[in-house]
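Enquirer: Submitted below is the structure of interest, expressed as structure tokens.
The values are calculated or read from the model by the stated rules, or taken from the named source; none is laboratory data. This one's a predicted model, so the numbers in the text were calculated from it and none came from an experiment. For neighbour counting, all protein chains shown are included, and Cβ atoms are generated from backbone atoms with ideal geometry for every residue, glycine included.
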């Protein structure tokens, strides 16, 4: 099992008598991309603000890179890159000047990293253009460049693809994947849109009204959300032969109780039922199963709500 | 601390408000001196011109104009979100505050000495009669620097508390307009506050102009009080910033 980069222990935060974060127990393993999902106001940003030292917990504690003392945490934060509630930019400065201010802050020697990082996020040609004149997408890219400066081991990104156009979303997603794969950068990415994280995250945490409802791996989530046809017939062995022979698919699983999960033909169940009955099989149970990702999320937090 | 100081210095150099304010003061100083030179009347002695025009008018600049810089250089870090980057950068909050305070003080000092320096330079070039009393000149410039830093430390405390630069500027301007008068009124009713008022930077800053007429003890007081004010308000500000939740 990989070491934890971040581990929280009953982390809580109360604002004006209301629990914004309630005994959160989270663990993020080194090298993972942790998708932190929750509606607006669910507690994602509060959690991130505690981890990054912008606010103090009301109760509980956390370890960052194995550190939990005040001084230890300050030192550990030198190893992280952040975007917290939008990119933090100096509007009257150019992209390179913004990076220079953060290069000095992080004490990175040499200016080569500025050009390299701008190229990485596709902002190398912005020249003398001030950040205030950037599009929202360009600002997000610059915010990401700032977070990436100094080769952080852990990236904390709060809604990093807000405002990006579809191509921008793909580019940033591929960049984050590449950074995770090639540099083994661990990431905590918060979003209120599950589908944004679905192609990226290796692990998920679902937060609602300050409570971490569930932590699961991408594999577990996919299993829960995978669409399939639940089939129960009088002769399971014959049914598998029919599926392989007549329907030319091996995308099924025979369960211990004899029921079959068919992962193919989910969009044409009629064809499956007709083929099976034509072969003389009796369908005892036949129904589509599985949830859409968004449906899974909304069911988990207790129905559709608007925050 | 070195990294923080370099960062703040970089930001100060790139702060447009500092250079706009300095530019306005330079333009005013040049215009005022040239108008005084060309108005046809009898010219003041160079040293008198420095003392009664440049220095006396500069009293207002030292306590008011840096309020505008405080709003843009300190408070706007909150509205831009860059305070979050600073606070989560793995630096101690106390150090972050002191780096900010020191560089803000440098900005306030630049603003505060521009008028006397430029007016003296222009009046010398323009041929005002007499010569400059260099001892008095350097003493008053030195004290202006000390009082600019002391006022800056007071401004920084409020600038770190507010998160809207407009509110900071408005509040600080009102505060610096009324603080001395209010403290004077209160101390006239509450006797124990009289020494505080009499020895406050607000009162003592008025004595910069007459430094050549003060005795030894008074000179020490005029020199030490701004230093103590800077240290005390620096500590107060750093404590506030250390415990502040950054939103």
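Enquirer: If you take the residues of the range A:118-140 that are away from chain B (no Cβ under 14 Å) and within 19 Å of residue B:14 (Cβ to Cβ), which of them is surrounded by the fewest Cβ atoms within 10 Å (Cβ to Cβ)?
Expert: A:127
Enquirer: While we're here: Which of the residues that make up the range B:9-41 are within 9 Å of chain A (Cβ to nearest Cβ) and part of a helix (DSSP H, G or I)?
Expert: Within the range B:9-41, B:9, B:10, B:11, B:16 qualify.
Enquirer: Residue check: is residue B:158 at pLDDT below 95 and farther than 19 Å from residue B:207 by Cα?
Expert: no
Enquirer: Given the conditions (1) outside any helix (DSSP H, G or I); (2) surrounded by fewer than 19 Cβ atoms within 10 Å (Cβ to Cβ); (3) more than 12 Å from chain B (Cβ to nearest Cβ), and given that residue A:115 satisfies all but one, which numbered condition is not satisfied?
Expert: Failing condition for residue A:115: (1).
Enquirer: Please verify whether residue A:76 is more than 7 Å from chain B (Cβ to nearest Cβ) and either free of Cβ contacts under 8 Å to residues at least 40 places away in the same chain or touching a strand residue (DSSP E or B) at 6+ places or on another chain (Cβ under 7 Å) (or both), treating the condition exactly as stated.
Expert: Judged against the criteria, residue A:76 is a match.
Enquirer: Only helices (runs of 4 or more DSSP H) wholly contained in the range A:153-267 count here; list those with 2 or more residues that are out of contact with any helix residue (DSSP H, G or I) (no Cβ under 8 Å at 6 or more places or on another chain) and either surrounded by 21 or more Cβ atoms within 10 Å (Cβ to Cβ) or in contact (Cβ under 8 Å) with a residue 60 or more places away in the chain (or both).
Expert: Correct list: A:166-183.
Enquirer: Looking at (1) assigned to a helix (DSSP H, G or I); (2) closer than 17 Å to residue B:104 by Cα, which is the only condition residue B:163 fails?
Expert: (1)
Enquirer: From A:219, A:211, A:224, A:232, grab the single residue that is over 14 Å from the mean Cα position of the chain (by Cα) and at pLDDT below 90.
Expert: A:224
Enquirer: Within the range A:268-307, track down each residue that is out of contact with any strand residue (DSSP E or B) (no Cβ under 7 Å at 6 or more places or on another chain), surrounded by 15 or more Cβ atoms within 10 Å (Cβ to Cβ), at pLDDT 85 or above and assigned to a loop (DSSP other than H, G, I, E, B).
Expert: Passing the criteria: only A:279.
Enquirer: Turning to a different aspect of this structure: Does residue A:85 meet the test of being facing another protein chain (nearest Cβ under 10 Å), modelled with pLDDT of 95 or more and not in a strand (DSSP E or B)?
Expert: No: the conditions fail for residue A:85.
Enquirer: Mind checking which residues of the range A:1-11 are surrounded by fewer than 20 Cβ atoms within 10 Å (Cβ to Cβ) and more than 18 Å from the chain's Cα centre (by Cα)?
Expert: Selection gives A:1, A:2, A:3, A:9, A:10.
Enquirer: While we're on this one: I'd like the full set of residues that are within 14 Å of chain A (Cβ to nearest Cβ), surrounded by fewer than 21 Cβ atoms within 10 Å (Cβ to Cβ) and free of Cβ contacts under 8 Å to residues at least 40 places away in the same chain, limited to the range B:57-85.
Expert: Result: B:80, B:81.
Enquirer: Further question: May I ask you to verify whether residue B:102 is under 22 Å from residue B:24 (Cα atoms), away from chain A (no Cβ under 14 Å) and under 23 Å from the mean Cα position of the chain (by Cα)?
Expert: No; evaluated as a whole, the condition is false for this residue.
Enquirer: Can I ask one more? If we scan the range A:88-107, do we find a residue that is assigned to a loop (DSSP other than H, G, I, E, B), more than 9 Å from chain B (Cβ to nearest Cβ), surrounded by 18 or more Cβ atoms within 10 Å (Cβ to Cβ) and in contact with a strand residue (DSSP E or B) (Cβ under 9 Å, 6 or more places away or on another chain)?
Expert: No - not one qualifying residue is present in the range A:88-107.
Enquirer: Let me ask something else about it. Collect the residues in the range A:27-42 that are within 29 Å of residue B:241 (Cα to Cα) and either within 14 Å of chain B (Cβ to nearest Cβ) or surrounded by fewer than 23 Cβ atoms within 10 Å (Cβ to Cβ) (or both), keeping them in residue-number order.
Expert: Hits for the range A:27-42 are A:40, A:41.
Enquirer: Taking the condition more than 7 Å from every other protein chain (Cβ to nearest Cβ) and either part of a helix (DSSP H, G or I) or closer than 28 Å to residue A:126 by Cα (or both), does residue A:49 pass?
Expert: Considered against the rule, which asks whether it is more than 7 Å from every other protein chain (Cβ to nearest Cβ) and either part of a helix (DSSP H, G or I) or closer than 28 Å to residue A:126 by Cα (or both), residue A:49 comes out as yes.
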